[in-house]
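J.: I am attaching a structure below and will ask some questions about it afterwards.
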Amino acid sequence: MRRPRALGVSVAVLTGVLGLPAPAASAVPDNLYVNNALGSNCSDTGAGTQAQPYCTISAAAAVVQPGQTVQVSGAGYSDSVNITRSGTKDAPITFVGSGNAVGLGSETTPAFTVSGAHDVVIRGFNTHSGIAVQDSSGVLIDGNVAWSRIKPARPWLAITGTSANVTVLHNQLRSTNGVSVGAGVTGTTISGNSVSWSFGTAAIAVDGAPNTTITNNTVAVGCGPGIMVTGAATGLGLYNNVVTGHDSMNAFGSPCPSKTATEIQVAAEATQGSRADYNLVWPKNSGLAYSWGGQSYGTPALLNAATGQGTHDLLADPHYAGPNFGIPLDCQLLADGTPDKSTCSPAIDSADPTAPGVPSTDIRGLPIVRDPLVDHSGAGNLDRGAFELQDYLQDNVELSSNYADAPSGSELTFTATAHSQWLSTVTYRFDFGDGTSATTTGTPTATHTYTAPCDCKASVTVTAEGGKQTAAGAPVSLTITTPGPLAAHFSATAKLDDHPLTVAVDSRATVSSAPVAKFTFDYGDGTTTSGPWPTSTHSYKRPGDYLITVTAQDAKGQTSSTSQYFVAAYAPSTYTAVAPTRLLDTRTSSGPLHGGGALVLNIPNPANAEAVVLNITATNVSSDTFLTVWPDGQARPYSSNLNAKAGQTVANLVTVPVGSDGSVQIFNHSGNADVVADFVGYYQPDGGQKFTPSGPSRLLDTRPAGSLAPAEVRSVQVAGKSGVPANASAVVLNLTATEPTASGYLTAYPHGGATPKASSINFRPGQTVANQAIVPIGQDGKIDLYNFAGNTQVVADVFGYYSPDSQGVFTPVSPVRLTDTRYGSFPRPLPGGGKLPVQVTGSFDVVPMNATAAVLNVTATETTAYGYLSVVPGGDPHPGATSNLNFGPGQTVPNHVITPLGTNGQADIYNFAGNTHVIADLFGYFTKG
């Protein structure tokens, strides 16, 4: 503010009389500057300019004029400043410290003494030695701090003499003495201050000073009372204060001399015309809440009943973040996002906003705001004490749009993610980047329709109530294009890393200028899904040709559909052999499988396994029956995997595709039968080894060397024998037990491992039984054969092997019957010495013409003599003594067969003797891959 000197008017008059030129008026600068940090550049004899400031505050105080502000920078001032010059109500003299960073005063004298002056402001100083106001009026002590104790003990602020209308506002006093108002002082307002750990006397002491108003202060004292009013301090007002009681120790750990201080004390002489309300009192230890008119009261209710004071006072823990800071704690949120009322500070939004002396902001200069988490049955939005709880907005605001590319005319939805406690009061300003914007409160979303193409950047600015008020999210880049037609496109491919028969549909090639809001996938098997994503997967329950249709719908309502066929089929796979593991034994679990019933067997194979290899055993058979194993979720085929007569125990190897859930089902035709299932391997599209068909070639015949004794384990060299290479991982054997002396079983497993609880072949005394086995090759290239009981001869023929150098990959198929000599145009059994050609390639449009081998289940039934069947590639000569299955008169005997195919795509089945009907079921085939 620039003020002309008063002499200027007289000079002008004199100039007019004398006819002399008038000198220019000398302007008074708005600011004087003090900065002792500039060293030799400061001067107490200069003009106190910013270029050459005063070195001491006292130098500025000696010349400051009304309306001027003394700006103080630097630190370490030790002079005691005497302020005797006055301002006016409209043009006060103001002293301002630089960010509460100026230390002032000495041990014995105040930093500032205002003496006999009026209209003076002291703001923003860090001064441990305090301030004195003597015989002065219209003085404002605002926003100063003190963080240490002064010696000797005296008030940080002492208002004495005939001082009047002094305002003490927003000062933070910690570990020091408090505010004292002496006798004869009138009209003092003490508002919005924080006083903690005062020593000796009360934190706020008023003695015989009438019409004092004490409002919205936070007092957290150590030793001594909180607010103490003595003498004839009539017309007192005590409102909205928080006074937390004394501790048994002071701030420096020394014991308090008294433990019975009272938080609010008003002497009898001061009660006339005095009023106290909306205060929160929380005494500690044995301290008392009130002393009013010489009587003590432990609760607001007792005080109110006796005096009419404290109608809305609270006796409660204020739930502050710290006793020296006085910030009320907000409500904690429960798991469902609602506030836990028991955790809210009772000081929040419970003060009287109409009380005399209420500050317009809190002690930090932050606004008065409403906390949406608390119940607002109190007086308003103002918190009790000096600190107003604020919402705090974190910096990590995020903005997203439902589309990044869209044609003009499309409505886009923008969502902002802000992080604060009071989201219901947060304001979001969305700038859509095309010159338009929208503002919402409590709702983090906005919609906007772009009317013209543009490369726009949308952004959001979030504003919270009070506290850290604004934060901005990173802009979102948008491409708004010219509208065009919608055209759906997709690809459908087998998803080999998932369950079998799974398709992956990808519609990202769909052409659209508008955002595609929804894709609908019709998979052709009665299943339909829809959603905003352009990709989807689906597992079919059974192989087949399925017409997939994809329909795209854009944000403007346009739709486009397109269709194509997908062939759901089992994938070519490689084999992983495992040590035989028992998965099922109904004798110890569910009980026998009843005739006409089926059970589901879950297989512990990888999710993308296409087929599993099991050794299935039927025992305790009550009547002639057969078992069928097939993929879960598919129709039961007209095929059998093993046949058993009443009282028999029969085992057979089974290679079967799994259902889309990775399981298989086992069906029992009639009677009751216990079922045992041993898991020996699985096929998956990658990760295993390929197959080489060979032989048949005899690997072992114990009849010259001697039978296996009871509980004997005999090791058999496989690698390097019968065409099996040294690096083979597993071998396909046809095992035959013959001339057994007791009922028992054989188990084939990798050499060097423990004997598993599983069987490869079961037999009765005198029986000749064959079963195929896929056996992992163990240490030293060997396998082990374990004989459970009795003596038995063993024959082992090699039909192929799995190795790193092999080329055959296996494709499973749902079981299908290739031939049954009991039916057809010319049903007749296969005679002894006869050959039955079975066409495999081209069958049912399932097996391709380049198939090199097949997995069959071959069954001899209605046999008339002892004999055996041998399966060889089509066109090959009879294999001689090797066999795939052995039978006696009247028996039905199945066996698992992996056989090479001839160049004609056929397998030939030879019958050694007698007549027998032959059944052949297909479970898969091998091709070079």
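J.: Filter the range 251-294 down to the residues that are closer than 25 Å to P356 by Cβ and among the polar types (S, T, N, Q), then identify the one that is modelled with the lowest pLDDT.
T.: Here the residue is T262.
J.: Look at the range 834-845 and say how many of its residues are in contact (Cβ under 8 Å) with a residue 24 or more places away in the chain and on the phi > 0 side of the Ramachandran plot.
T.: Selection size over the range 834-845: 2.
J.: Scanning for something surrounded by fewer than 24 Cβ atoms within 10 Å (Cβ to Cβ), at pLDDT below 95, farther than 28 Å from D90 by Cβ and in contact with an Asp or Glu (Cβ under 7 Å, 6 or more places away or on another chain), does the range 151-163 turn up at least one residue?
T.: First, the residues of the range 151-163 that are surrounded by fewer than 24 Cβ atoms within 10 Å (Cβ to Cβ): 151-154, 158, 160-162.
Retained after the next criterion (residues that are at pLDDT below 95): 151-154.
Filter once more, so that each one left must be farther than 28 Å from D90 by Cβ: 151-154.
Right, trim to in contact with an Asp or Glu (Cβ under 7 Å, 6 or more places away or on another chain) and you get 151.
Checked the range 151-163: at least one residue is surrounded by fewer than 24 Cβ atoms within 10 Å (Cβ to Cβ), at pLDDT below 95, farther than 28 Å from D90 by Cβ and in contact with an Asp or Glu (Cβ under 7 Å, 6 or more places away or on another chain).
J.: Given the options N211, N216, N193, name the one that is under 48 Å from the mean Cα position of the chain (by Cα) and either over 15 Å from G130 (Cα atoms) or at pLDDT below 95 (or both).
T.: Answer to the check: N216.
J.: Specify which of the listed residues (D352, D336, D317) is touching a Phe, Trp or Tyr at 6+ places or on another chain (Cβ under 6 Å) and surrounded by fewer than 17 Cβ atoms within 10 Å (Cβ to Cβ).
T.: Numbers: D352 fails: surrounded by fewer than 17 Cβ atoms within 10 Å (Cβ to Cβ); D336 fails: touching a Phe, Trp or Tyr at 6+ places or on another chain (Cβ under 6 Å).
Result: D317 is the single residue among D352, D336, D317 that is touching a Phe, Trp or Tyr at 6+ places or on another chain (Cβ under 6 Å) and surrounded by fewer than 17 Cβ atoms within 10 Å (Cβ to Cβ).
J.: For the structure I just gave you, tell me whether R817 is surrounded by fewer than 23 Cβ atoms within 10 Å (Cβ to Cβ), outside the structural domain of A705 (by TED's automatic domain parsing), among the charged types (D, E, K, R) and under 54 Å from the mean Cα position of the chain (by Cα). Explain how you work it out, then say what you get.
T.: Numbers: surrounded by fewer than 23 Cβ atoms within 10 Å (Cβ to Cβ): yes; outside the structural domain of A705 (by TED's automatic domain parsing): yes; among the charged types (D, E, K, R): yes; under 54 Å from the mean Cα position of the chain (by Cα): yes.
Considered against the rule, which asks whether it is surrounded by fewer than 23 Cβ atoms within 10 Å (Cβ to Cβ), outside the structural domain of A705 (by TED's automatic domain parsing), among the charged types (D, E, K, R) and under 54 Å from the mean Cα position of the chain (by Cα), R817 comes out as yes.
J.: All but one of (1) at pLDDT below 90; (2) closer than 23 Å to F691 by Cβ hold for G781, so report the exception by its number.
T.: (1)
J.: I've got another one for you. For a quick check of your reading of the model, give me the residue pairs whose first member lies in the range 814-833 and is within 15 Å of N857 (Cβ to Cβ), whose second is loosely packed, with under 11 Cβ neighbours inside 10 Å and among the aromatic types (F, W, Y), with beta-carbon atoms closer than 8 Å and at least 6 apart or on different chains.
T.: These pairs meet every condition: V816/F844.
J.: Those residues that are closer than 15 Å to S400 by Cβ and crowded, with 19+ Cβ neighbours inside 10 Å, I need them from the range 417-430; list them, please. Spell out how you get there, then give the answer.
T.: Start the filter on the range 417-430 by keeping residues that are closer than 15 Å to S400 by Cβ, which leaves 417-419, 428, 430.
A418, Y428, F430, listed by residue number.
J.: Could you tell me which of the residues A635, A618 is of a type in the set (G, A, S) and closer than 17 Å to G744 by Cα?
T.: A618
J.: Those residues that are assigned to a loop (DSSP other than H, G, I, E, B) and within 60 Å of the chain's Cα centre (by Cα), I need them from the range 826-858; list them, please.
T.: V840, T841, G842, V846, V847, P848, M849, N850, A851, T852
J.: Could you check the range 701-719 and list, in sequence order, the residues that are touching a strand residue (DSSP E or B) at 6+ places or on another chain (Cβ under 6 Å) and either surrounded by fewer than 22 Cβ atoms within 10 Å (Cβ to Cβ) or modelled with pLDDT of 95 or more (or both)?
T.: Across the range 701-719, the qualifying residues are D701, T702, R703, S707, E712, V713, R714, S715, V716, Q717, V718.
J.: Would you mind stating whether L412 is crowded, with 21+ Cβ neighbours inside 10 Å, touching a residue at least 40 places away in the same chain (Cβ under 8 Å) and not aromatic (F, W, Y)?
T.: yes
J.: Sticking with this one: Just to be sure, is V676 crowded, with 20+ Cβ neighbours inside 10 Å and farther than 30 Å from G790 by Cα?
T.: In short, no.
J.: Would you mention how many residues in the range 167-183 are modelled with pLDDT of 95 or more and touching a Ser or Thr at 6+ places or on another chain (Cβ under 6 Å)?
T.: So the answer is 4.
J.: Only one of (1) hydrophobic (A, V, I, L, M, F, W, C); (2) touching a strand residue (DSSP E or B) at 6+ places or on another chain (Cβ under 7 Å); (3) closer than 18 Å to P318 by Cβ; (4) surrounded by fewer than 22 Cβ atoms within 10 Å (Cβ to Cβ) is not met by A386, so which one is it?
T.: Only one criterion is unmet by A386, namely (4).
J.: Only residues that are closer than 30 Å to V658 by Cβ and either assigned to a strand (DSSP E or B) or modelled with pLDDT under 95 (or both): list them for the range 502-524, please.
T.: Once the filter is applied, which keeps residues that are closer than 30 Å to V658 by Cβ and either assigned to a strand (DSSP E or B) or modelled with pLDDT under 95 (or both), the range 502-524 yields T502, V503, A504, V505, D506, F519, T520, F521, D522.
J.: For the range 780-800, which residues satisfy the criterion of being outside any loop (DSSP other than H, G, I, E, B) and either in the same structural domain as T892 (by TED's automatic domain parsing) or on the phi > 0 side of the Ramachandran plot (or both)? If you could, list the steps in order and put the result at the bottom.
T.: Restricting attention to the range 780-800, the residues satisfying the condition of being outside any loop (DSSP other than H, G, I, E, B) are 780-787, 792-800.
Selection gives D780, G781, G800.
J.: Would you mind telling me which numbered condition in (1) in contact (Cβ under 8 Å) with a residue 24 or more places away in the chain; (2) within 30 Å of S459 (Cα to Cα); (3) under 33 Å from the mean Cα position of the chain (by Cα) A494 fails?
T.: Of everything listed in (1) in contact (Cβ under 8 Å) with a residue 24 or more places away in the chain; (2) within 30 Å of S459 (Cα to Cα); (3) under 33 Å from the mean Cα position of the chain (by Cα), A494 misses just condition (2).
J.: Here is a follow-up. I'm checking my understanding of the structure. Among residues of the range 291-307 that are buried (at least 17 other Cβ atoms within 10 Å of the Cβ) and closer than 16 Å to G245 by Cβ, which one is farthest from the chain's Cα centre (by Cα)?
T.: S291
J.: Only one of T811, T861, T852, T841 is closer than 25 Å to K645 by Cβ and of a type in the set (S, T, Y); which? Working first, answer last.
T.: Numbers: T811 fails: closer than 25 Å to K645 by Cβ; T852 fails: closer than 25 Å to K645 by Cβ; T841 fails: closer than 25 Å to K645 by Cβ.
Among T811, T861, T852, T841, only T861 is closer than 25 Å to K645 by Cβ and of a type in the set (S, T, Y).
J.: Moving on. If a residue must be at pLDDT 95 or above and either part of a strand (DSSP E or B) or within 17 Å of T88 (Cβ to Cβ) (or both), how many such residues does the range 124-150 contain?
T.: 10
Residue-by-condition table, conditions (1) among the charged types (D, E, K, R); (2) under 19 Å from A770 (Cα atoms); (3) at pLDDT 95 or above; (4) more than 45 Å from the chain's Cα centre (by Cα):
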site: A635; (1), (2), (3), (4): no, no, no, no
site: Y638; (1), (2), (3), (4): no, no, no, yes
site: N643; (1), (2), (3), (4): no, yes, no, yes
site: T649; (1), (2), (3), (4): no, yes, no, yes
site: T655; (1), (2), (3), (4): no, yes, no, no
site: V658; (1), (2), (3), (4): no, no, no, no
site: G662; (1), (2), (3), (4): no, no, no, no
site: V680; (1), (2), (3), (4): no, yes, no, no
site: Q684; (1), (2), (3), (4): no, no, no, no
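J.: While we're here: Answer yes if at least one residue in the range 136-149 is outside the structural domain of P367 (by TED's automatic domain parsing), crowded, with 18+ Cβ neighbours inside 10 Å and in contact with an Asp or Glu (Cβ under 7 Å, 6 or more places away or on another chain), and no otherwise.
T.: Yes, the range 136-149 has at least one match.
J.: Is it the case that V846 is modelled with pLDDT under 90 and of a type in the set (A, V, I, L, M, F, W, C)?
T.: yes
J.: Another one. Quickly run through the range 431-452 and pick out the residues that are loosely packed, with under 15 Cβ neighbours inside 10 Å and farther than 28 Å from Q421 by Cβ.
T.: G435, T436, T449, T451, A452
The values are calculated or read from the model by the stated rules, or taken from the named source; none is laboratory data. This one's a predicted model, so the numbers in the text were calculated from it and none came from an experiment. A quick note on method: Cβ atoms are made from the backbone with ideal geometry, for glycine too, and the neighbour counts reach across all protein chains shown.
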